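Below: the structure, in C-alpha cells.
The values are calculated or read from the model by the stated rules, or taken from the named source; none is laboratory data. Worth saying up front: this structure is predicted, and the values here are computed from it rather than measured. So basically every Cβ, Gly included, is an ideal-geometry build from the backbone, and we count neighbours across all protein chains shown. For the accessible areas, the whole protein counts, side chains as well, though only heavy atoms, and no ligand, DNA or RNA atoms are used. Shrake-Rupley method; radii C 1.70, N 1.55, O 1.52, S 1.80 Å.
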Amino acid sequence: MTNDMRPLVHLVGAGPGDPDLLTVKALRLIQSADVVVYDRLVGEGILDLIPAGTARISVGKEKGRHLLPQDQINDLLVSLARPGRRVVRLKGGDPYIFGRGGEEAMYLAAYGIATEVVPGITAAAGCAAASGIPLTHREVARSVRLVTGHLRDDQSLDLDWQSLADPACTLVVYMGVGTAGPLAEGLIAAGLDPATPVAVVEKGTTASQRVLRGVLAELEADVARWRVEPPALLIIGKVVALAAEQEVAEWVGAAEA
C-alpha cells in the first residue's frame, strides 16, 4: 500500500471468474472506483458489480485481436490516473501471474504514478479446486509448475522441456489450448509418459465450466474433438486421476447414506 500523495492505480485481481471468489478488498475498490479498466477474462458477473455511474473501459485481448496494444493500455492508465482519479485496473486471475501486471506497474512508476496490487485467485488454484483436482498430493505430486503456452514471435514454444517432464510435478499451462500439440510432443520427447493424465478446464469456476479428461498423447486430438473454447486451462499430471477417485468416493458415500 502507498502512503504518499502520488497518483495511484490499483492493479486488482478478479480471480478465475466466479464473483464469489473476489477478495473483500477487490470488491471494495471496484465499487469505489471512478473508472475501471478491465480485461476480456473478467467475467460478466464481476462486471455487474461495478456501480452504474462508474466509467468502464474494455481493453480486452485475445489471440489475433487486441482492442488496445499493451503500450496503449499503459498510456491510458497514465492519462486516467494523473488527474487523481481512483483507477482500478481489473485483471482476470492474479495481476502478477501471466497478467502483465509487473509491466504496467513499472511503466506507471516511470511516470511517477504509484500502484497497489490486490492479489486474486489465479486460474491454476481456482480451476483446480472447482474441478476437484488437488495440485499437490502426498506421494503423487510434490511440486507445481505454472507456465504459459503462448507462442513466441517466431511461433515456437520456449519451454525447458527437461525440467517440465517431471512425473512428480503437476504442470499447469495457461493459454495452452492453441499449442496443445507442440506442448504434448515436447513433454513426451523429454521423457514424460504419454499416458500421463490431462484435464482441460474450460470456463473454470463459472456456471459454464467443463472439465474434460484424457491423456497426454491424445491431448491435441482431444482439444480439437471437444471444441475447447477460451478461457481454458490445462492441468497435466497424476493428480488429475485423483479427481475421478474423489467423485467415486463421494458417489459411494451418498449411496450408502
Failed item in (1) within 17 Å of residue 26 (Cβ to Cβ); (2) modelled with pLDDT of 95 or more; (3) open to solvent by less than 20 Å² (accessible area, probe 1.4 Å), with residue 128 passing the rest:
(1)
Checking residue 121 against (1) within 17 Å of the chain's Cα centre (by Cα); (2) open to solvent by less than 50 Å² (accessible area, probe 1.4 Å): exactly one of these is not met. Which one?
(2)
Give me the pairs: first residue in segment 23-35 and under 18 Å from residue 85 (Cβ atoms), second residue open to solvent by 60 Å² or more (accessible area, probe 1.4 Å) and at pLDDT 95 or above, beta-carbon distance under 7 Å, and six or more apart or on different chains, which are they?
32/86; 33/86; 34/85; 34/86; 35/85
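Could you please find all residues in segment 42-56 being of a type in the set (A, V, I, L, M, F, W, C) and open to solvent by 80 Å² or more (accessible area, probe 1.4 Å)? Explain how you work it out, then say what you get.
So the first thing to find is which residues in segment 42-56 are of a type in the set (A, V, I, L, M, F, W, C), and the list is 42, 46-47, 49-50, 52, 55.
Of everything in segment 42-56, just one residue is of a type in the set (A, V, I, L, M, F, W, C) and open to solvent by 80 Å² or more (accessible area, probe 1.4 Å), namely 52.
For segment 26-41, how many residues meet the condition of being in a loop (DSSP other than H, G, I, E, B) and open to solvent by less than 40 Å² (accessible area, probe 1.4 Å)?
2
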Which numbered condition in (1) surrounded by fewer than 18 Cβ atoms within 10 Å (Cβ to Cβ); (2) more than 15 Å from the chain's Cα centre (by Cα); (3) at pLDDT below 95 is the only one that residue 150 fails?
(2)
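Which ranges mark the strands (runs of 3 or more DSSP E) fully within segment 179-237 that have 2 or more residues being without any contact (Cβ under 8 Å) to a residue 60 or more places away in the chain? First the steps, then the outcome.
Working: elements: 197-202, 210-215, 232-236.
Answer list for segment 179-237: 197-202, 210-215.
Take the conditions touching a helix residue (DSSP H, G or I) at 6+ places or on another chain (Cβ under 8 Å) and farther than 16 Å from residue 233 by Cβ and apply them to residue 183. Does it pass?
Details: touching a helix residue (DSSP H, G or I) at 6+ places or on another chain (Cβ under 8 Å): yes; farther than 16 Å from residue 233 by Cβ: no.
No: the conditions fail for residue 183.
Please verify whether residue 156 is within 30 Å of residue 239 (Cα to Cα), out of contact with any Gly (no Cβ under 8 Å at 6 or more places or on another chain), free of Cβ contacts under 8 Å to residues at least 60 places away in the same chain and open to solvent by less than 80 Å² (accessible area, probe 1.4 Å), treating the condition exactly as stated. Full working, then the answer.
Working: within 30 Å of residue 239 (Cα to Cα): yes; out of contact with any Gly (no Cβ under 8 Å at 6 or more places or on another chain): yes; free of Cβ contacts under 8 Å to residues at least 60 places away in the same chain: yes; open to solvent by less than 80 Å² (accessible area, probe 1.4 Å): yes.
Yes, satisfied.
Of all residues in segment 159-178 being open to solvent by less than 50 Å² (accessible area, probe 1.4 Å), in a loop (DSSP other than H, G, I, E, B) and touching a Gly at 6+ places or on another chain (Cβ under 8 Å), which is nearest to residue 99 (Cα to Cα)?
Filtering segment 159-178 down to residues open to solvent by less than 50 Å² (accessible area, probe 1.4 Å) leaves 159, 163-166, 168-174, 176-177.
Filter once more, so that each one left must be in a loop (DSSP other than H, G, I, E, B): 159, 165-166, 168, 176.
Cutting the leftovers down to touching a Gly at 6+ places or on another chain (Cβ under 8 Å) gives us 159, 165, 176.
On the way: 159: 18, 165: 25, 176: 15 Å.
Filtering first and then ranking leaves 176.
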On the given criteria, is residue 202 open to solvent by less than 40 Å² (accessible area, probe 1.4 Å), of a type in the set (D, E, K, R) and within 26 Å of residue 40 (Cα to Cα)?
yes
Got at least one residue in segment 79-87 being among the small types (Gly, Ala, Ser), exposed (fewer than 14 other Cβ atoms within 10 Å of the Cβ) and assigned to a helix (DSSP H, G or I)?
yes
Mind listing whichever residues of segment 7-25 are surrounded by fewer than 23 Cβ atoms within 10 Å (Cβ to Cβ) and either among the polar types (S, T, N, Q) or outside any loop (DSSP other than H, G, I, E, B) (or both)?
8, 19, 20, 21, 23, 24, 25
Take the conditions touching a residue at least 60 places away in the same chain (Cβ under 8 Å), assigned to a loop (DSSP other than H, G, I, E, B), touching a Pro at 6+ places or on another chain (Cβ under 8 Å) and open to solvent by less than 40 Å² (accessible area, probe 1.4 Å) and apply them to residue 112. Does it pass?
yes
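Does residue 144 meet the test of being closer than 17 Å to residue 124 by Cβ, of a type in the set (Val, Ile, Thr) and open to solvent by 20 Å² or more (accessible area, probe 1.4 Å)? Give the derivation first.
Numbers: closer than 17 Å to residue 124 by Cβ: yes; of a type in the set (Val, Ile, Thr): yes; open to solvent by 20 Å² or more (accessible area, probe 1.4 Å): yes.
Here the answer is yes, as residue 144 does meet what is asked.
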